[in-house]
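The structure appears right after this line, and notes come after that.
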Amino acid sequence: MSDHIERLEKRLAQANAELESVQAAVTEAERRMGAFSSTVVSKDGSVEVTVGAQGELTGLRFLDGKYRSMPPAQLADAVLDTVQEARSHFARAVRDLFEPLTRPSATLPELPGMEIDWDRLVGPAADALPGEPEQRTANDRLRDEIDEDDDAVGPADGARRHR
């Protein structure tokens, strides 16, 4: 009986050590994520966007005056596509940072990996994570919001804009 208790105590000590290790890894991952930003330049070189630690837009620059010769819809697409690309880069980096914590313990198989609420962890950028094809992207939602704003305000002459 004493041998059985010693084995249980040893397993419990291993489990506690593993949990402490996971807690330290989570703390370090959260620290690294909090300092994250991603800057991306549009494919045509007209726009540079920066997103922060929640995938939020923190910077927007128009480069080399290219925007002056672009039709408004093309410029809007360049901005939205580049924001989406930066958010996707951010979401992948966070996934890569936290994904190892989702795996079961190698030393204690009865300890499952962490369940991660990606929406809470990366905010709107969670839509950019691959593997969820049914979800609408943040880009889709942002375009809908812009369309709704256009419909709500409307042109100055009172005419409605239709697509």
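The values are calculated or read from the model by the stated rules, or taken from the named source; none is laboratory data. Treat the numbers as computed from the prediction; the structure is a model and nothing was measured. FYI the Cβ positions are ideal-geometry reconstructions off the backbone, even for glycines, and counts take in every protein chain you see.
Residues that are of a type in the set (A, V, I, L, M), assigned to a loop (DSSP other than H, G, I, E, B) and closer than 22 Å to Arg31 by Cβ: does the range 103-123 have at least one?
Among the residues of the range 103-123, at least one is of a type in the set (A, V, I, L, M), assigned to a loop (DSSP other than H, G, I, E, B) and closer than 22 Å to Arg31 by Cβ, which makes the answer yes.
Filter the range 37-51 for residues that are more than 15 Å from Arg95 (Cα to Cα) and in contact with a Phe, Trp or Tyr (Cβ under 9 Å, 6 or more places away or on another chain) and give the result.
Of everything in the range 37-51, those that are more than 15 Å from Arg95 (Cα to Cα) and in contact with a Phe, Trp or Tyr (Cβ under 9 Å, 6 or more places away or on another chain) turn out to be Ser46, Val47, Glu48, Val51.
Of the residues Asp81, Asp64, Asp96, only one is without any contact (Cβ under 8 Å) to a residue 40 or more places away in the chain, over 18 Å from Arg120 (Cα atoms) and out of contact with any Leu (no Cβ under 7 Å at 6 or more places or on another chain); which?
Asp64
From the residues in the range 67-89 that are surrounded by 17 or more Cβ atoms within 10 Å (Cβ to Cβ) and among the hydrophobic types (A, V, I, L, M, F, W, C), which one is nearest to Met33 (Cα to Cα)?
In this case the residue turns out to be Ala86.
What number of residues in the range 30-66 are surrounded by 18 or more Cβ atoms within 10 Å (Cβ to Cβ) and either over 14 Å from the mean Cα position of the chain (by Cα) or assigned to a helix (DSSP H, G or I) (or both)?
Residues meeting the conditions: 5.
Would you call Ala13 out of contact with any Pro (no Cβ under 6 Å at 6 or more places or on another chain), surrounded by 11 or more Cβ atoms within 10 Å (Cβ to Cβ) and in a helix (DSSP H, G or I)?
no
Could you please give the count of residues in the range 12-70 that are modelled with pLDDT of 90 or more, of a type in the set (Gly, Ala, Ser), touching a helix residue (DSSP H, G or I) at 6+ places or on another chain (Cβ under 9 Å) and on the phi < 0 side of the Ramachandran plot?
Result for the range 12-70: 2.
Select from the range 62-120 the residues that are over 23 Å from Gly52 (Cβ atoms) and charged (D, E, K, R) and list them in ascending order.
Answer for the range 62-120, where residues must be over 23 Å from Gly52 (Cβ atoms) and charged (D, E, K, R): Asp64, Lys66, Arg68, Arg103, Glu110, Glu115.
For the list (1) in contact with a strand residue (DSSP E or B) (Cβ under 7 Å, 6 or more places away or on another chain); (2) of a type outside the set (S, T, N, Q); (3) free of Cβ contacts under 8 Å to residues at least 12 places away in the same chain, I need the number of the one condition that Ala73 fails.
Among (1) in contact with a strand residue (DSSP E or B) (Cβ under 7 Å, 6 or more places away or on another chain); (2) of a type outside the set (S, T, N, Q); (3) free of Cβ contacts under 8 Å to residues at least 12 places away in the same chain, the lone unmet condition for Ala73 is (1).
Taking only pairs six or more apart or across chains, which ones have beta-carbon atoms under 8 Å, a first residue in the range 36-57 that is in contact (Cβ under 8 Å) with a residue 60 or more places away in the chain, and a second residue that is buried (at least 16 other Cβ atoms within 10 Å of the Cβ) and β-branched (Val, Ile, Thr)?
Correct list of pairs: Val51/Val83; Gln54/Val122; Gly55/Val122.
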